[in-house]
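A short write-up of the structure that comes next.
The values are calculated or read from the model by the stated rules, or taken from the named source; none is laboratory data. This structure is a prediction, so every number in the text was calculated from the model and none was measured. Cβ placement follows ideal geometry from the backbone for every residue including glycine, while neighbour counts extend to all protein chains displayed. Protein only, heavy atoms only, side chains kept; ligands, DNA and RNA dropped before computing areas. Shrake-Rupley method; radii C 1.70, N 1.55, O 1.52, S 1.80 Å.
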Amino acid sequence: MYPGTRQKSWWQSENGKENVYIQLDLEAEFHFTHLIITFKTFRPAAMLIERSYDFKQTWQVYRYFAYNCAESFPGIREGYPENLTDVVCESRYSALDPSTDGEIIYRVLPPTLHIDNPYSEQVQNLLKMTNLRINFTKLHTLGDDLLDKREDIQEKYYYAITDMVSAIAIIMQPVAISMLLFMKQPVELVGVFAMAANIIPWVPTVNNANLFTTETLLEISKIQKSADLATVTLMEKQDGCQPCDCDPGGSYDKNCDVISGQCQCREHMVGRTCSTPKQQHYTASLDFLLYEAESARSSANCQVVIREPYRDGSEITWTGIGFVKAFERSFIEFNIDDIRTAMDYEIAIRYEPTLPSNWEDVEVTIERPGPVDPNGPCHDARDEVRRVALPANSRSITVYPPVCLEPGRSYKVKLTFRRSNFERDTPSASVLIDSVVLIPRIEKIPWFYGSIPAEARRQEFERNHCASYPAYSVQTGQIPEVCKKYYSSIGAYIFNGAFSCQCDPTGSVSKLCDEYGGHCMCKINVVGRRCDRCSPGTYGFGPEGCRACDCNSIGALDNFCNATTGQCKCRANTYGRECDQCRTGFWNFPNCQRCDCNGHADICDSRTGACINCRDNTQGHNCDQCVEGFYGDPRLNVDIPCRPCPCPGIPGSNHSYAERCSLDMYTKDVVCECQEGYSGSRCDVCSDNYFGNPEEPGGSCQACDCNEKIDLLKPGNCDPHTGQCKQCLYETTGDHCEICRSGFFRYAEDRMCEECVCHILGTNSSAGPCDPTSGQCVCLPNVTGLNCDQCIPNHWKIASGEGCEPCNCDPQGSLRQQCNEVNFKNE
Ligand SMILES: [Ca+2]
């Protein structure tokens, strides 16, 4: 019955739908004995009851019911079962009459059959079930022959059940099982109902008039209107009445179901007392309303200071990416537009001092977009300016008095950093502001005051110093469990339930988050509640987490790199992702200098500075010299281009007689370094003791050919053009010193020239020198001998100098015809 009325409530199926069903899914095996259904309207024209005892793997029909069995279920025998396993169709529960409160009764063990042993296997098999399904297949349509789509027709017909009585005995002893109700078509279910192990009616609505005295109760905890799914929890009933003990924040109120003790949970809160968020959900932390300074609007004289998490794992004492550095007369303005519950909030400023002294004067103003709700909790809110100091020995400060904020509005909280020191201006003074946090004021939470349990809660809260954690602790791990329990309740209260974790699938290790505060478990170097970004100083958000930037400590401005590419912020002239190289065209990291290549190359060795790929026929460390065969001075300040050496032709012309040449800086003339045999500044003359015509193309210089009969240390041994030898030694002569000079002779080429020895009296001195080969002198008449020193036989008077004369001896008076060659005396 609806509370306070005599009117019964009912379940009703969707209008005009013929095929609907109710299914009970039990998570254990039960014994089912009978079922009585009472209908508010006409009973169905056809229906059947099925069961499964293997968790919906297979289904067996218990019984068919039809006004016209042959038409609705052809082939099924109509009548009463004749043995236990008979499946029949009954028509007695399907008549048009009565139009209301008609029943259908089904007993698994028909009373018409005698059962000898109720514990036999056959009986037990028939009773056991894990799932029960009641299929309604045909509506009585009264005068309307067809159940068609017309709305006025459809509107009239539906199934409506006021009571369902079933007998289900539990075989096992489950402590908590769940049961699901499924409707093929959405069936309007109203209210909470219960059923018992014994014959207990399903009670529609929140009517608590039926108090069950049975040992075990099945209780459907919560059925949403028009839902096709509801969870049923089986609970053991305890002796006597127990306090509901509903979570003050997780449940809507302190009342629970009188049977099950189930409290009314706020969204996504579960458990009998509604104290825990459901899986993959979390309750807001007490500092959930947090506004990062680095995301807020700030004056131009503020600086964002990004802070890397400590590499050694030390506790992080800030949130977000870091801080805003505020100086005197700067301001930071926070936009607050996500208030969910109108109440008093304490403004806490989280900061980090940079000086050993306090920051003495910060002005806090709250800008309201319009008038407050005169009937709401903020009706007497006054927005006087608040002033706070930031002590040097603290990391947070709470601004008093608290401010009353209402949902659906956009507030601006402005911090103005007036002066660091009241006494004097200190423009260099600064303070690092991390964030502003709005902490719900405990005293204004209704379940913390006004009743004995509320006072007890507040005492416990205060005894554990729970009020002191949220303002300065950014680490939930430090918070005592008892405080977390209260914070969780407060979070559920302020935000009307729990939030979905929404852990980032890439950056999170798991879909589950911390039930308090919602922190997901992040992969390496990943941060954010949802693990959705790289921590400062890392990059490359991906399945492996994030990689360290590793920016070069000298070459980069800081250690923060592009979150995607990892590019560090390089100083002037440094280069590379980590800024650990010099820019192209520079060398000598970290003191990057431009490559000195005299304009003849663009790049150089990053370590040595040696130029690479010198152009314009230059070479050298700085492209400061001409390559071999070229001359000039390619240094930038001189800038005489490198030209091919004219020695006398250019290199490769086949008329070049120098490997290299140079420029005489005085005369500005080219000086070739001539090959051996060549000489002159252009190598166009032959060296001493060489000859030829190097000034002409194709001409060359050769060594003088003087048969080694010259002194090579002396100059001018041969004619520089003809090669004619001019200083033959060893009594030689000829163009190549190949012959003995006049008055000398030799027998063979390899012999030295010898002087001719000619008898002065016997030699015809006017006839020339001796024979150059034999040494034979030219003799006067009748003179003979190599040296012309003898008269021919029978001749004498060689000393005459005109040849020898015959002896003319008297043949009788002389012994012989022989006479003294010199003296005239006959022998
Ligand atoms: Ca921050």
Problem set entry | Unique match (being open to solvent by 10 Å² or more (accessible area, probe 1.4 Å) and aliphatic (A, V, I, L, M)) among ILE442, ILE433 | ILE442
Exercise. Do we have ALA284 as within 16 Å of the ligand (Cβ to nearest atom) and either touching a residue at least 60 places away in the same chain (Cβ under 8 Å) or over 23 Å from PRO401 (Cα atoms) (or both) here?
Worked result: no
Problem set entry | Selected residue [open to solvent by 60 Å² or more (accessible area, probe 1.4 Å) and within 16 Å of the ligand (Cβ to nearest atom)] from ARG395, ARG387 | ARG395
Exercise. Residues of the range 42-72 being surrounded by 21 or more Cβ atoms within 10 Å (Cβ to Cβ) and part of a loop (DSSP other than H, G, I, E, B), which ones?
Worked result: PHE42, ARG43, PRO44, ALA45
For this session: For LEU290, indicate whether it is crowded, with 17+ Cβ neighbours inside 10 Å and within 15 Å of the ligand (Cβ to nearest atom).
Result: yes
For this session: For the range 728-737, enumerate the residues that are open to solvent by 40 Å² or more (accessible area, probe 1.4 Å) and in contact with a strand residue (DSSP E or B) (Cβ under 7 Å, 6 or more places away or on another chain).
Result: GLU731, THR733, ASP735, HIS736
For this session: Please go through the range 555-577 and pick out each residue that is over 19 Å from the mean Cα position of the chain (by Cα), surrounded by fewer than 17 Cβ atoms within 10 Å (Cβ to Cβ) and modelled with pLDDT of 90 or more.
Result: LEU557
Exercise. Filtering the range 435-452 down to residues that are closer than 30 Å to ASN335 by Cβ and touching a helix residue (DSSP H, G or I) at 6+ places or on another chain (Cβ under 6 Å), which residue is farthest from the ligand (Cβ to nearest atom)?
Worked result: PHE448
For this session: Look through the range 305-353, keep the residues that are assigned to a loop (DSSP other than H, G, I, E, B) and more than 33 Å from the chain's Cα centre (by Cα), and return whichever of them is nearest to the ligand (Cβ to nearest atom).
Result: ASP337
For this session: Go through the range 522-539 and give me each residue that's under 14 Å from the mean Cα position of the chain (by Cα) and among the basic types (Lys, Arg).
Result: LYS523, ARG533
For this session: For the range 255-265, enumerate the residues that are open to solvent by 30 Å² or more (accessible area, probe 1.4 Å) and in contact (Cβ under 8 Å) with a residue 24 or more places away in the chain.
Result: ASP257, VAL258, ILE259, GLN262
Problem set entry | strands (runs of 3 or more DSSP E) contained entirely in the range 594-688, each with at least 1 residues that are touching a Phe, Trp or Tyr at 6+ places or on another chain (Cβ under 9 Å) and in contact (Cβ under 8 Å) with a residue 24 or more places away in the chain | 640-644, 658-664, 669-674
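Residues checked against (1) out of contact with any Asp or Glu (no Cβ under 6 Å at 6 or more places or on another chain); (2) modelled with pLDDT of 90 or more; (3) not small (Gly, Ala, Ser):
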residue: ILE397; (1), (2), (3): yes, yes, yes
residue: TYR400; (1), (2), (3): yes, no, yes
residue: ARG409; (1), (2), (3): yes, yes, yes
residue: LEU415; (1), (2), (3): yes, yes, yes
residue: VAL431; (1), (2), (3): yes, yes, yes
residue: PRO446; (1), (2), (3): yes, no, yes
residue: ALA454; (1), (2), (3): yes, no, no
residue: ASN464; (1), (2), (3): yes, no, yes
Exercise. Can you name the condition, by its number, that TYR539 falls short on among (1) part of a loop (DSSP other than H, G, I, E, B); (2) farther than 27 Å from PRO277 by Cβ?
Worked result: (1)
